[in-house]
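Participant: Next up is a structure, given as structure tokens.
The values are calculated or read from the model by the stated rules, or taken from the named source; none is laboratory data. Since we're looking at a predicted model, the values are computed, not measured. As a convention, Cβ positions derive from the backbone with ideal geometry for all residues, glycine included, and neighbour counts pool all protein chains shown.
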Amino acid sequence: MQPSPEIILTSEQLRLLDALHGRDFLCLHDYSPEEIAGLLALAGVLKKTKTKRCNALANKQLACIFTKPSTRTRVSFEVGIKKLGGSAVILSATDSQINRGEPIADMARVLSRYVDGIMIRTFAHSDVEELAEYSTVPVINGLTDDFHPCQVMADLLTIQERLGQLAGKHLVYIGDGNNMAHSLLFAGAKTGMHVTICCPVGYAPSSEILRQAQEDALPGTKLEIRHDDLAAVAGADVLYTDVWASMGQEEEKEVRSKVFARYQINQDVLAQAAPDCMVLHCLPAHRGEEITADVLEAHADEIFDQAENRLHAQNAIMLALMGSPYAVVA
């Protein structure tokens with residue numbers, strides 16, 4: 001395993017990040033490779049300095065909308081903006097008028113007059129796009145059924161810290177072709193990391209999203225869908241998995257448990273990967289299903305570093321969109 005690269009922000013990265021002020025963060029497809037690299041560098045600096053830059057978002061307020069339950073997303077955003085000197089307003093579905101039929105466009109225009117940014121964790125990605133269309137402050141996608149861009153930024157930060165670089169590394173995702181699979185395809189495309197999605201037939205990622213990711217891909221980057229779980233992981237630098245049934249798919253759990261039975265990260269699968277292969281999981285983990293307990297515990301440091309990095313990656317996103325990256329070098 002290579003040492004972590006030196007964490008620096010170049011003048012060009014600072015300029016690019018400063019230009020992100022006021023932008024939305026809905027999907028990695030919307031960001032250039034250089035912008036993503038800059039956000040990762042900024043996240044690394046914020047992680048290194050911890051709370052030393054506590055006034056970077058002084059007097060800024062973030063509205064956090066949750067129509068899906070949350071642990072990591074809620075805590076990391078609420079704690080994160082407080083570490084940067086701002087504050088969060090938490091809105092569940094029962095705390096707002098959205099569950100009584102208030103149009104998203106109206107909510108966007110109202111919240112824009114109260115706060116400096118909006119984070120939303122919900123089901124339909126079209127709802128987040130509508131929120132961003134009518135909002136005059138930055139909107140951050142905390143998760144939708146199609147994408148999980150904040151999680152994948154934390155994933156990239158974790159891989160970069162431990163392997164020293166992203167370009168040329170091979171990540172194999174084993175499981176459902178869900179929002180994580182979609183986001184990892186764009187992550188690979190934008191960073192030059194090869195990504196293989198290994199899933200059962202009938203559970204592949206969207207063909208349109210795969211097409212977009214392949215069009216985005218840096219030269220030489222390989223993005224593919226496979227169904228042969230053991231063969232697909234040969235020589236992998238990173239193995240990644242997620243739950244077999246996501247929120248909203250509870251009625252499919254019994255069927256999915258049979259379909260996905262062999263799509264599990266276990267010792268046999270791990271043995272096919274590179275000797276120092278990382279194992280990642282976006283959590284919560286169902287031990288004995290998508291990952292065995294022994295593999296998870298053996299790679300717990302990596303997985304919980306990954307969870308911690310949600311805080312640092314999201315702080316970088318909030319600082320770039322709602323403040324200024326120059327705050328970390330002032």
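Participant: Might you check whether a residue that is in contact (Cβ under 8 Å) with a residue 40 or more places away in the chain, touching a Gly at 6+ places or on another chain (Cβ under 7 Å), crowded, with 18+ Cβ neighbours inside 10 Å and assigned by TED's automatic domain parsing to the domain that holds residue 170 occurs anywhere in region 291-306?
Facilitator: Looking for residues that are in contact (Cβ under 8 Å) with a residue 40 or more places away in the chain, touching a Gly at 6+ places or on another chain (Cβ under 7 Å), crowded, with 18+ Cβ neighbours inside 10 Å and assigned by TED's automatic domain parsing to the domain that holds residue 170, one finds none in region 291-306, hence no.
Participant: May I pose another question? Filter region 208-242 for residues that are of a type in the set (Ser, Thr, Tyr) and closer than 13 Å to residue 169 by Cβ and give the result.
Facilitator: Correct list: 221, 240.
Participant: Which residues, taken from region 126-153, are of a type outside the set (A, V, I, L, M), in contact (Cβ under 8 Å) with a residue 40 or more places away in the chain and not in a loop (DSSP other than H, G, I, E, B)?
Facilitator: 129, 141, 142, 149, 150, 151
Participant: How many residues does region 156-177 hold that are over 15 Å from residue 41 (Cα atoms) and surrounded by 23 or more Cβ atoms within 10 Å (Cβ to Cβ)?
Facilitator: Count: 6.
Participant: Still on this structure, I have one more. When residue 85 is evaluated against the numbered criteria (1) over 22 Å from the mean Cα position of the chain (by Cα); (2) exposed (fewer than 13 other Cβ atoms within 10 Å of the Cβ); (3) at positive phi; (4) small (Gly, Ala, Ser), which criterion, by number, is the only one it fails?
Facilitator: Only one criterion in (1) over 22 Å from the mean Cα position of the chain (by Cα); (2) exposed (fewer than 13 other Cβ atoms within 10 Å of the Cβ); (3) at positive phi; (4) small (Gly, Ala, Ser) is unmet by residue 85, namely (2).
Participant: Please go through region 41-71 and give me each residue that is touching a residue at least 40 places away in the same chain (Cβ under 8 Å), surrounded by fewer than 22 Cβ atoms within 10 Å (Cβ to Cβ) and under 21 Å from residue 160 (Cα atoms), ordered by number.
Facilitator: If the condition is that a residue be touching a residue at least 40 places away in the same chain (Cβ under 8 Å), surrounded by fewer than 22 Cβ atoms within 10 Å (Cβ to Cβ) and under 21 Å from residue 160 (Cα atoms), then 45, 47, 48, 49 are the ones that fit.
Participant: Taking region 6-31 on its own, how many of its residues are in contact with a strand residue (DSSP E or B) (Cβ under 6 Å, 6 or more places away or on another chain) and not acidic (Asp, Glu)?
Facilitator: 2
Participant: Of these, 319, 311, 283, 270, which one is of a type in the set (A, V, I, L, M, F, W, C), within 27 Å of residue 235 (Cα to Cα) and either surrounded by fewer than 16 Cβ atoms within 10 Å (Cβ to Cβ) or touching a residue at least 60 places away in the same chain (Cβ under 8 Å) (or both)?
Facilitator: 283
Participant: Filter region 210-245 for residues that are surrounded by fewer than 19 Cβ atoms within 10 Å (Cβ to Cβ) and of a type in the set (Gly, Ala, Ser) and give the result.
Facilitator: Matches in region 210-245: 220, 231, 234, 235.
Participant: Any chance region 155-169 includes a residue that's assigned by TED's automatic domain parsing to the domain that holds residue 28, farther than 27 Å from residue 244 by Cβ and touching a Ser or Thr at 6+ places or on another chain (Cβ under 8 Å)?
Facilitator: No, region 155-169 has no match at all.
Participant: Determine which member of the set 217, 213 is farther than 29 Å from residue 257 by Cβ and of a type outside the set (Asp, Glu).
Facilitator: After applying the criteria, what remains is 217.
Participant: Name the single residue that is modelled with the highest pLDDT among those in region 26-50 being part of a loop (DSSP other than H, G, I, E, B) and either closer than 15 Å to residue 316 by Cβ or not assigned by TED's automatic domain parsing to the domain that holds residue 91 (or both).
Facilitator: Ranking the candidates gives 31 first.
Participant: Can you report the number of residues in region 287-330 which are assigned to a helix (DSSP H, G or I) and on the phi > 0 side of the Ramachandran plot?
Facilitator: 0
Participant: Right, something else. Based on what the data block shows, is residue 17 under 20 Å from residue 124 (Cα atoms) and modelled with pLDDT of 95 or more?
Facilitator: The answer is no for residue 17.
Participant: Would you point out the residue of region 246-265, among those that are crowded, with 16+ Cβ neighbours inside 10 Å and of a type outside the set (Lys, Arg), that is farthest from residue 166 (Cα to Cα)?
Facilitator: Of everything passing the filter in region 246-265, 259 is farthest from residue 166 (Cα to Cα).
Participant: So in region 74-112, with the set limited to residues that are touching a residue at least 12 places away in the same chain (Cβ under 8 Å) and in a loop (DSSP other than H, G, I, E, B), which one is nearest to residue 307 (Cα to Cα)?
Facilitator: Once the filter is applied, the top-ranked residue is 84.
Participant: Now for a different question. Counting only residues that are assigned to a loop (DSSP other than H, G, I, E, B) and touching a strand residue (DSSP E or B) at 6+ places or on another chain (Cβ under 9 Å), which one in region 58-68 is farthest from residue 121 (Cα to Cα)?
Facilitator: 59
Participant: What helices (runs of 4 or more DSSP H), lying completely within region 181-283, carry at least 1 residues that are modelled with pLDDT under 95?
Facilitator: Of the helices (runs of 4 or more DSSP H) lying wholly inside region 181-283, those with at least 1 residues that are modelled with pLDDT under 95 span 229-232, 253-259.
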